[in-house]
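Everything on this sheet refers to the single structure shown next.
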Amino acid sequence: MSASKRRYSASDVALAQFERAVAHMDLDPDLVAYLREPRRELIVHFPVYLDNGHMRMFTGYRVHHSTVRGPTKGGIRYHPDVNLDEVRALAMWMTWKNALMNLPYGGAKGGVAVDPRQLSRNELRRLTRRFASEISLLISPEGDIPAPDVGTNPQVMAWIMDTYSVARGYATPAVVTGKPLSIGGSEGRTEATGIGVTITAMAMMNKFGMKPENTRVAVQGFGNVGSVAARKMWEEGCKVVAVSDVNGGIYNENGLNISNLLEHVARTGTVVDYPDADPISNRETLTAPCDVLIPAALEGQIDDTVAPDIQARIIAEGANGPCTLEGEQILLERGVEFVPDILCNAGGVLVSYFEWVQSLQSFFWSEDEILARLRRLMIEAFEQVWDASRQQEIDMRTAAYTIAIQRVVDAIEARGIYP
Ligand code: NAD
């Protein structure tokens with residue numbers, strides 16, 4: 001393997017994290033072998049007409065890791081690097097996240113290898129409809145409910161919902177979450193992940209007596225998760241000193257005005273060239289002088305080349321799998337505390353669950369109700385993980401995994417193995 005390649009794939013990381021937790025549990029090895037494997041994996045190759053009249057082939061995936069606790073739930077990603085290994089890892093992480101939050105769901109993930117920024121709106125619509133049709137073998141309100149992830153948004157969910165509904169002859173809003181409000185989306189869904197990141201990051205700060213006014217925050221990624229987390233941390237009184245997106249980063253030691261920055265991003269499409277800050281690289285965003293680091297971009301960003309230089313005391317994982325195994329090891333040895341991804345970014349799937357329940361019942365809750373439930377359940381899960389971590393003297397991720405894995409194991413044992 002060349003030196004420039006990551007040493008471990010996303011699935012290697014997911015499995016290693018799983019094994020690390022299993023080592024602290026008393027589980028039947030046969031069940032461990034069962035849980036390592038996804039239940040089913042669908043790969044689809046499909047054609048889409050581009051605006052120039054040419055047809056192009058695309059490859060997409062939908063993986064169900066576990067269906068034991070209920071229908072599967074997990075996002076759909078549009079990104080050039082999407083591949084089966086990554087989707088498989090993300091599906092497994094969804095199983096643990098859903099179990100940790102005690103949601104009646106198994107874990108799934110999907111994606112298409114495509115750069116959505118290179119497609120026109122019409123091309124994106126055609127691609128989404130064809131992909132939705134290809135994976136309609138698997139998705140349904142009772143069986144598997146997609147949601148947005150990197151590169152997808154409420155509009156993409158609306159197209160998936162419409163494609164599925166047209167095939168059935170009636171509107172089926174509960175087939176996806178993260179939909180626009182006009183077709184049964186939930187209040188609070190778009191912001192839910194970033195809000196959950198802030199709730200859990202603040203809960204962790206509180207454990208160490210860190211006051212918002214004395215806390216500096218750096219955020220990698222300024223999309224759905226990162227921009228909301230940055231705004232919420234700023235509204236809580238923290239100093240957000242560094243943020244980045246795929247184009248680069250910015251730094252201001254006195255703190256950025258996130259409201260002004262959001263206006264700049266709405267105007268220009270990037271954080272770069274924001275006037276009231278110095279330009280920095282993506283790496284410098286991760287290593288910026290700060291107390292809380294929120295990686296909210298992609299997997300594998302914090303590796304062994306950057307981990308030794310990270311200054312944060314707390315890492316609140318907005319992204320899924322932002323640390324490599326070696327990166328995490330270095331940080332744990334240095335005493336850095338993690339709010340692990342399956343806890344930190346679970347606000348999204350929590351409000352997705354609320355949305356699914358509302359869609360099934362055609363009965364809608366107010367934003368206040370949703371945000372109050374979100375806060376209560378995030379804090380409850382945080383405290384469970386914190387207690388398990390301190391009682392068993394294990395890191396927060398391992399603690400979160402032991403709780404989640406045990407819930408899945410309990411469900412397998414209750415249901416039994418067919419036949
Ligand atoms: P998004 O597409 O809205 O935003 C991604 C952001 O990351 C963009 O600002 C992009 O420019 C930036 N980015 C990409 N590569 C980068 C790089 N190398 N350096 C710096 N920035 C980079 O995606 P999102 O929905 O915000 O998801 C971000 C992460 O959060 C992913 O890991 C996703 O799986 C996870 N997540 C998302 C949700 C959700 O509800 N959207 C829920 C749970 C977890």
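The values are calculated or read from the model by the stated rules, or taken from the named source; none is laboratory data. Since this is a predicted model, take the numbers as computed values, not measurements. Using ideal geometry, Cβ is built from the backbone for each residue, glycine included, and neighbour counts are taken over all protein chains shown. When the accessible area is computed, the model is the full protein with side chains, heavy atoms only, and any ligands, DNA or RNA have been set aside. Shrake-Rupley method; radii C 1.70, N 1.55, O 1.52, S 1.80 Å.
Key figures for this structure:
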item: Number of the condition not met by Ser352 [criteria: (1) open to solvent by less than 10 Å² (accessible area, probe 1.4 Å); (2) more than 15 Å from the ligand (Cβ to nearest atom)]; result: (2)
item: The one condition in (1) in the same structural domain as Glu86 (by TED's automatic domain parsing); (2) among the hydroxyl-bearing types (Ser, Thr, Tyr); (3) more than 15 Å from His64 (Cα to Cα) that Ser136 fails to fulfil; result: (3)
item: Any chance Ile294 is assigned to a strand (DSSP E or B), touching a helix residue (DSSP H, G or I) at 6+ places or on another chain (Cβ under 6 Å) and assigned by TED's automatic domain parsing to the domain that holds Gly209; result: yes
item: Selection status of Asp12, within 26 Å of Thr152 (Cβ to Cβ), in contact with an Asp or Glu (Cβ under 7 Å, 6 or more places away or on another chain) and open to solvent by 10 Å² or more (accessible area, probe 1.4 Å); result: no
item: Residue identified as out of contact with any Cys (no Cβ under 8 Å at 6 or more places or on another chain), open to solvent by 50 Å² or more (accessible area, probe 1.4 Å) and small (Gly, Ala, Ser) among Ser182, Ser165, Ser227, Ser186; result: Ser182
item: The stretch 217-226 - residue that is within 25 Å of Arg189 (Cβ to Cβ) and outside any helix (DSSP H, G or I) and, of those, farthest from the ligand (Cβ to nearest atom); result: Val217
item: Residues that are of a type in the set (Val, Ile, Thr), closer than 17 Å to Val225 by Cα and open to solvent by less than 20 Å² (accessible area, probe 1.4 Å), drawn from the stretch 242-266; result: Val243, Ile258
item: Single match in Asp81, Asp51 (criterion: of a type in the set (D, E, K, R), over 21 Å from the mean Cα position of the chain (by Cα) and either more than 16 Å from the ligand (Cβ to nearest atom) or closer than 23 Å to Pro322 by Cα (or both)); result: Asp51
item: Evaluation of Gln118 against (1) closer than 22 Å to Val166 by Cα; (2) among the polar types (S, T, N, Q); (3) free of Cβ contacts under 8 Å to residues at least 12 places away in the same chain (one fails), failing number; result: (1)
item: Of all residues in the stretch 95-116 being open to solvent by less than 10 Å² (accessible area, probe 1.4 Å) and among the aliphatic types (A, V, I, L, M), the one that is farthest from Ala346 (Cα to Cα); result: Val114
item: Residue tally, condition open to solvent by 50 Å² or more (accessible area, probe 1.4 Å), part of a helix (DSSP H, G or I) and either in contact with a strand residue (DSSP E or B) (Cβ under 6 Å, 6 or more places away or on another chain) or not aliphatic (A, V, I, L, M) (or both), over the stretch 355-396; result: 14
item: The stretch 184-209, residues that are closer than 16 Å to Ile315 by Cα and of a type in the set (A, V, I, L, M); result: Ile195, Val197, Ile199, Ala201, Met202, Ala203, Met204, Met205
item: Qualifying residue in the stretch 67-79 (condition: out of contact with any strand residue (DSSP E or B) (no Cβ under 6 Å at 6 or more places or on another chain), touching a residue at least 40 places away in the same chain (Cβ under 8 Å), closer than 30 Å to Asp304 by Cα and not assigned by TED's automatic domain parsing to the domain that holds Leu298); result: yes
item: Qualifying residue in the stretch 48-64 (condition: surrounded by 24 or more Cβ atoms within 10 Å (Cβ to Cβ), among the charged types (D, E, K, R), in contact (Cβ under 8 Å) with a residue 40 or more places away in the chain and part of a strand (DSSP E or B)); result: yes
item: Pick from the stretch 332-348, criterion touching a helix residue (DSSP H, G or I) at 6+ places or on another chain (Cβ under 6 Å) and part of a helix (DSSP H, G or I), ranking: nearest to the ligand (Cβ to nearest atom); result: Gly348
item: Top-ranked residue of the stretch 141-173 - restricted to ones that are closer than 27 Å to Gly321 by Cα and away from the ligand (no atom under 16 Å from the Cβ), ranked as farthest from the chain's Cα centre (by Cα); result: Gly143
item: Any hit, the stretch 169-184, residues being closer than 12 Å to Ile294 by Cβ and modelled with pLDDT of 95 or more; result: no
item: Test for Gln329: is it surrounded by fewer than 18 Cβ atoms within 10 Å (Cβ to Cβ) and either assigned by TED's automatic domain parsing to the domain that holds Val240 or within 13 Å of the ligand (Cβ to nearest atom) (or both); result: yes
